[in-house]
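Visitor: Sharing a structure here in structure tokens format.
The values are calculated or read from the model by the stated rules, or taken from the named source; none is laboratory data. Being a predicted model, the structure only gives us computed values, none of them experimental. Because the Cβ atoms are built from the backbone with ideal geometry, glycine has one as well, and the counts that use them run over all protein chains shown. Side chains are part of the model used for accessible areas, which takes the heavy atoms of the whole protein and leaves out ligands, DNA and RNA. Shrake-Rupley method; radii C 1.70, N 1.55, O 1.52, S 1.80 Å.
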Amino acid sequence: MKILSIETSCDESAISILEVKGGIKNPTFKILGNALRSQIKIHEQYGGVFPMMAKREHQKNLTPLLLKVLKESNFLNTKSETLNPKKLKTRNLKLETILARETDLLVHFKKHVINIKKPAIDLIAVTNGPGLEPALWVGINFAQALGELWDIPLLGVNHMEGHILSVLPNKKEFSISNFKFPMIALLVSGGHTELVLIKKFLSYEILGKTRDDAAGEAFDKVARILGLPYPGGPEISRLAQKARTSHLAPLNFPLPRPMIHSKDFDFSFSGLKTAVLYLVRDMGILSDTDKEKIAREFEDSTVDVLESKTKDAILKYNVKSLIIGGGVTANKELQKRLKLMSKKLGVDLYLPEKKMSTDNAIMIGISAFFNFSKTPASHRKLAQSKAGRKKNEIKAEGNLSF
Ligand code: KG4
Ligand code: ZN
């Protein structure tokens, strides 16, 4: 089957087209088209993501991204037939209703999308949460407009499940029977820090999550305190690495490891950020090496906590496999420690490729495939009908959880 997937939960607008062969037990995924536009440059000046600005940018980005992926997949053909005026009017009215809140997108849609011939796509998948609601709605309404235009079924996808499932096809021989359960997923991004227990395929239980800031958010905020650009993760990481390779002496005042001994699986990174703030205030003007030392100590602290809680969860639940997902998994120190720990404990480790660790639409397509395949055939039929589409209208859920 072929799946067109859309991701707009935060500051990346992304669309991909996947071809999936084989059944749910051992599918193979081929990326026919993939396009992404990051809004980092736009949000950079504000030091974080502004929901209404993200919404505006998604509206601008989605149509060009769609045209790009359709072209890459050889699906970009325009219609030769002309609709009769009455049908045309009804269709335009419907699209105007669906895109009533996305006025910029409606303009692009009418200009560039309406005349594209229906591509051979079986399913349109779109992230419906968790994320920034105004941003999520742009993707959902766009998906709904495409579903209406081409009469293709739609499926809402949980962004966090996307991060988890996208890691699995990484191993060469993808087969569900090769996975060892129970698994733990450590999800660490700008918006989330969660430990999820997966006792069997597609079944999730959150063991713990952050009580305040997410790990990536803490990286971003500490970077801001140190006068480094957004997103802060890669910058902090670069400075921390410098401190390690040049063997700088550690800070005189070590930072706390919040909740490391809390005996549960929750996290808290807000106090750590405040500790950096006070430290910087007390240190006065910072030299480059001061910044490198602070970056290293902060990174060590975050990684210590993430590693320790993940290890506790692995031991408590007799876990056989560890998945890590989300933007912070690009952190080399975290990767190194988790690789070492998994090896020591004899646990299979699933790491995302770089392009799959940050937000993308491929992971949404992969997740959609598994979820669509597991639904009974009768439900699938319903989803494929117009009535079913209406009944299962997708809604943005900013706090969507497992
Ligand atoms: O998953 P993601 O792309 O978007 C969200 O859903 O949030 O994650 C982005 C986050 C940002 O906070 C960024 O600073 C962090 O991932 N990040 C890193 C690194 N690269 C990106 N954090 C630590 N070390 C890195 N190398
Ligand atoms: Zn994400």
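Visitor: Among 6-14, 240-248, 182-190, how do they line up from the highest to the lowest mean number of other beta-carbon atoms within 10 Å?
Guide: 6-14, 182-190, 240-248
Visitor: Quick one: grab Rg to one decimal and Dmax as a whole number for region 178-351, Cα atoms only, in Å.
Guide: 16.2, 55
Visitor: If I take the Cα coordinates of the chain and project them onto the principal axes, what are the three extents in Å, biggest first?
Guide: Dimensions of the chain along the principal axes of its Cα atoms: 77, 48, 32 Å.
Visitor: Reachable lysines from residue 30, Cα under 21 Å, same-chain residues fewer than 8 places away excluded?
Guide: Qualifying lysines at Cα under 21 Å: 2, 21, 68, 71, 118, 171, 172, 354, 355, 374.
Visitor: Further, regarding this structure: Quick one: helix 232-245 against the long Cα principal axis of the chain, what's the angle to the nearest 10°, folded into 0 to 90?
Guide: Taking the Cα atoms of the chain, the angle to 232-245 is about 40 degrees.
Visitor: Whole angstrom only: what separates the Cα centroid of region 54-107 from the Cα centroid of region 246-270?
Guide: Their Cα centres are 49 Å away from one another.
Visitor: Calculate the length of the line joining the C-alpha centroid of region 317-377 to that of region 180-203, in whole Å.
Guide: If we compute the Cα centre of each part, the gap is 8 Å.
Visitor: Once you have a ≥ b ≥ c as the square roots of the Cα gyration tensor eigenvalues for region 13-97, tell me rounded if a/c is under 1.5, and otherwise prolate or oblate according to whether a/b is larger than b/c.
Guide: Working: a/c = 2.30, a/b = 1.12, b/c = 2.05.
Oblate is the answer for region 13-97, as a/c is 1.5 or above yet b/c matches or exceeds a/b.
Visitor: Follow-up question, since we're still on this one. At a probe size of 1.4 Å, how large is the accessible area of residue 150, to the nearest 10 Å²?
Guide: Accessible area, nearest 10 Å²: 10 Å².
Visitor: Give me the angle, in degrees from 0 to 90, between the Cα long axis of helix 51-72 and the longest principal axis of the Cα atoms of the chain, rounded to the nearest 10.
Guide: 60
Visitor: I've got another one for you. So for region 178-351, averaging the separation of alpha carbon pairs under 8 Å that are six or more residues apart and normalising by length, what relative contact order in percent results?
Guide: Once normalised by length, the contact order is 29 percent.
Visitor: Only bridges with both residues in region 178-351 count here: give the DSSP antiparallel percent, nearest 5. Walk me through the numbers before you get to the answer.
Guide: Numbers: 10 of 19 bridges.
Looking only at bridges with both residues in region 178-351, the antiparallel portion is about 55 percent.
Visitor: What is the calculated FRET efficiency for residue 320 to residue 377, with r their C-beta to C-beta distance and R₀ = 30 Å, to the nearest 0.05?
Guide: Numbers: r = 32 Å, r/R0 = 1.06.
Result of the calculation: an efficiency of 0.40.
Visitor: Sticking with this structure for a sec: Defining a contact as two alpha carbons under 8 Å apart and six or more residues distant in sequence, what relative contact order in percent does the chain show? Please list the in-between numbers first.
Guide: On the way: 764 pairs, mean separation 89.4, N = 402.
Once divided by the residue count of the chain, the mean separation gives 22 percent.
Visitor: Also, I was wondering about something else. Taking 7 Å along the Cα-to-C-beta vector as the label spot, tell me the residue 84-residue 355 distance in nanometres, rounded to one decimal.
Guide: 4.7
Visitor: Could you work out the relative contact order of region 232-334, using alpha carbon pairs under 8 angstrom and six or more residues apart, expressed as a whole percent?
Guide: Reported relative contact order: 41 percent.
Visitor: At 1.4 Å probe size, with the rest of the protein present, what percent of the exposed accessible area of the chain is carbon and sulfur atoms?
Guide: Working: 9930 of 18480 Å².
Carbon plus sulfur share of accessible area: 54 percent.
Visitor: Here's a follow-up. Nearest 5 is fine: what % of DSSP beta bridges in the chain come out antiparallel, could you say? Numbers along the way, then the final one.
Guide: Working: 27 of 45 bridges.
Restricted to the chain, the bridges split so that about 60 percent are antiparallel.
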